[in-house]
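Just so it is clear, none of the values below were taken in a lab; they were calculated from the coordinates. For clarity, every value in this text was computed on a predicted model and none was experimentally measured. For neighbour counting, all protein chains shown are included, and Cβ atoms are generated from backbone atoms with ideal geometry for every residue, glycine included.
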Amino acid sequence: MHETKIRVQYYETDRMGVVHHSNYIRYFETGRTEFIRSCGISYASIEADGVLMPIISAECRYFLPARYDEILTIRTGISGKITARICFTYEIYNETAQLVCTGSTVLAFMDAATRRPVRPPEAITKLRYEV
């Protein structure tokens, strides 16, 4: 699994300093983007090749609150076989290594011009960070 560290920003929290639940999906995106970048690929290059990757499902399970100014570790991996879809999995830990939440997103591969499903780019099929 790939690890990305982020610091919780004030605007991501409520009045009690607790991260609002909607921000975890954003954290997943950060983890996914950095995971792909660590493999020598970028979303920009995938899109430049005419392939879009829309999210078709997202899931998140919360265990503990994350708080303002904490440094979180996002662990990102891939689950299952990469076909016309790819499933990313996530675990987010706080500074004391406690599990804050888990989740997953499923993304489809879509031709930018036709908006039809396509095979994944070769660079994506080579990703090997399975959980």
When the stretch 56-99 is checked residue by residue, the ones that are charged (D, E, K, R) and within 15 Å of the chain's Cα centre (by Cα) are Glu59, Arg61, Arg75, Arg85, Glu91
Note on the stretch 5-40: residues assigned to a loop (DSSP other than H, G, I, E, B), out of contact with any Asp or Glu (no Cβ under 9 Å at 6 or more places or on another chain) and aliphatic (A, V, I, L, M) are Met16
Subset of the stretch 40-64, residues surrounded by 13 or more Cβ atoms within 10 Å (Cβ to Cβ) and over 14 Å from Ser22 (Cα atoms), comes to Ile41, Ser42, Tyr43, Ser45, Ile46, Gly50, Val51, Leu52, Met53, Ile55, Leu64
Being among the aliphatic types (A, V, I, L, M), free of Cβ contacts under 8 Å to residues at least 60 places away in the same chain and out of contact with any strand residue (DSSP E or B) (no Cβ under 7 Å at 6 or more places or on another chain) narrows Ile41, Ile55, Ile82 down to just Ile82
Within the stretch 65-101, residues surrounded by fewer than 16 Cβ atoms within 10 Å (Cβ to Cβ), acidic (Asp, Glu) and touching an Asp or Glu at 6+ places or on another chain (Cβ under 6 Å) come out as Glu95
Subject >> Condition met for Arg67 (of a type in the set (D, E, K, R) and either touching a helix residue (DSSP H, G or I) at 6+ places or on another chain (Cβ under 7 Å) or over 20 Å from Ile124 (Cα atoms) (or both)) >> reply: yes
Taking the stretch 38-75 and keeping residues within 18 Å of Phe109 (Cβ to Cβ) and either touching a Gly at 6+ places or on another chain (Cβ under 8 Å) or of a type in the set (Lys, Arg) (or both) leaves Ala58
Among strands (runs of 3 or more DSSP E) entirely inside the stretch 70-116, those with 1 or more residues being among the acidic types (Asp, Glu) are 85-93
